[in-house]
Amino acid sequence: MKQLILGLVTGIMFGFLLQKGRVIRYDKQIGALRLMDMTIVKFMLSSILVGMIGVYLLKDMGIVQLQIKTTILGAQILGGLIFGLGWGLLGYCPGTSAGALGEGRWDAVWGILGMLVGAALFAEAYPALKNSVLTWGVYGKITVPQMLGIHHWFVIVVFVLGTILLFRWFEKKGL
Amino acid sequence: MTSNDGRGWNPYLAGALSGLVTLFAVLTADKFLGASTTFVRTAGLIEQAVDPERVAGMAYFLKEVPKIDWQWMFVVGIFIGSLISAVTSQSFRWKAIPDMWAERFGMSVPKRALVAFVGGIIAMFGARLADGCPSGHGLSGSLQLAVSGFIALIFFFVGGIIMTRIVYGRGGRR
């Protein structure tokens with residue numbers, strides 16, 4: 001029960017910020033994919049930067065543990081591409097569709113219904129995919145620092161600097 | 001195309017604060033943000049209501065058990081949080097057609113509904129194949145420096161850029 005309340009509270013905070021950042025709108029999501037408006041990229045990368053530094057600090061202090069998803073090239077490349085193709089049609093992603101509905105953009109309802117059907121279809125296809133695509137290029141639960149064999153703070157510093165340069169470029173180009 | 005409902009917050013600020021929400025979730029519930037598994041659980045709950053025996057025998061629903069959990073409530077919370085923010089800032093708009101869509105395809109509701117529905121099917125199938133969406137892989141995976149997260153995030157955008165080129169054509173840049 002406590003977990004459920006925590007989930008709800010976390011979602012309310014996240015949804016509030018998504019709406020404030022104006023990142024849950026079709027125009028913003030498709031604007032990014034058309035390379036016209038980088039608002040959602042700015043939001044995502046800022047979120048990642050703060051989360052990355054915070055989570056790795058907490059991990060180094062022994063307070064939290066990482067929860068890494070298994071790298072399966074077939075899954076992430078093919079699944080990623082398929083997701084992207086659908087995202088380009090829908091203009092909302094799973095989390096933002098709920099937020100879009102919250103600010104009255106009710107075309108998200110069609111997307112939510114479609115996503116439920118998509119989830120059901122995947123459940124039907126899962127046994128076949130499990131023995132095919134989901135076995136292509138399995139590398140386990142690996143991180144970039146593990147893959148490169150270097151310390152995680154080195155990767156984080158490079159990531160932070162790279163992202164700041166990208167942000168400066170966005171602002172210079174007025175994206 | 002510009003809307004008259006205020007400018008919202010700086011996306012860098014709102015994004016950075018959402019990074020703190022990630023830390024809150026990890027510290028309080030030992031959870032990273034994600035959304036797409038909730039759609040699997042919901043589909044399972046609906047199917048269960050119709051044919052519980054069939055669902056009980058399906059491998060994917062044994063892996064992702066149909067139930068209401070932390071993430072399910074998180075997704076409901078996104079709806080509520082967005083609603084609170086929109087209503088309190090007078091930016092709530094009851095809209096069936098996004099502006100950018102209307103400019104290109106007009107105000108037909110069935111046309112938008114069909115494309116959004118089909119897009120939703122494709123997107124969720126892909127997200128489940130990838131084992132995550134822009135929240136689970138894009139944010140939570142990348143911030144943990146997971147290889148899976150970065151690969152998925154890149155291909156989400158590759159697929160999206162390809163599709164918007166098909167839908168809107170080239171020369172999107174202003």
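A few notes on this one:
- Residue ID - farthest from B:Phe156 (Cα to Cα), chosen from residues in the range A:59-76 that are at the interface with another protein chain (Cβ under 7 Å from one of its Cβ atoms) and free of Cβ contacts under 8 Å to residues at least 40 places away in the same chain: A:Val64
- Apart from one condition, A:Pro94 fits all of (1) without any contact (Cβ under 8 Å) to a residue 60 or more places away in the chain; (2) touching an Asp or Glu at 6+ places or on another chain (Cβ under 9 Å); (3) surrounded by 24 or more Cβ atoms within 10 Å (Cβ to Cβ); the exception is (2).
- Taking the numbered list (1) touching a residue at least 12 places away in the same chain (Cβ under 8 Å); (2) out of contact with any helix residue (DSSP H, G or I) (no Cβ under 8 Å at 6 or more places or on another chain); (3) farther than 25 Å from A:Leu89 by Cβ in turn, B:Asp30 passes all entries but (1).
- Looking at B:Arg104, B:Arg112, just one residue is outside the structural domain of B:Val26 (by TED's automatic domain parsing), outside any strand (DSSP E or B) and surrounded by fewer than 18 Cβ atoms within 10 Å (Cβ to Cβ), and that residue is B:Arg104.
- Filter pass, A:Leu6 being within 7 Å of chain B (Cβ to nearest Cβ) and within 19 Å of B:Ile84 (Cβ to Cβ): yes
Results for (1) within 7 Å of chain B (Cβ to nearest Cβ); (2) aliphatic (A, V, I, L, M), shown as yes or no for each residue.
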| site | (1), (2) |
| --- | --- |
| A:Tyr126 | yes, no |
| A:Val138 | no, yes |
| A:Phe159 | no, no |
| A:Leu166 | no, yes |
| A:Trp169 | no, no |
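- When we screen A:Gly99, A:Gly111, A:Gly86 for residues that are surrounded by 24 or more Cβ atoms within 10 Å (Cβ to Cβ), farther than 15 Å from B:Pro98 by Cβ, modelled with pLDDT of 95 or more and touching a Gly at 6+ places or on another chain (Cβ under 7 Å), the only hit is A:Gly86.
- Subset tally (residues that are at the interface with chain B (Cβ under 7 Å from one of its Cβ atoms), assigned to a helix (DSSP H, G or I) and of a type in the set (Lys, Arg)) for the range A:9-45: 2
- The listed residues are B:Pro66, B:Pro52, B:Pro11, and the only one of them that is surrounded by fewer than 20 Cβ atoms within 10 Å (Cβ to Cβ) and not assigned by TED's automatic domain parsing to the domain that holds B:Leu129 turns out to be B:Pro52.
- Odd one out for B:Thr42, checked against (1) over 19 Å from the mean Cα position of the chain (by Cα); (2) facing another protein chain (nearest Cβ under 7 Å): (1)
- Here B:Arg7 passes the criteria (1) outside any helix (DSSP H, G or I); (2) under 21 Å from the mean Cα position of the chain (by Cα) except the one numbered (2).
The values are calculated or read from the model by the stated rules, or taken from the named source; none is laboratory data. If you're wondering where the values come from, they're calculated on a predicted model, not measured in any experiment. Using ideal geometry, Cβ is built from the backbone for each residue, glycine included, and neighbour counts are taken over all protein chains shown.
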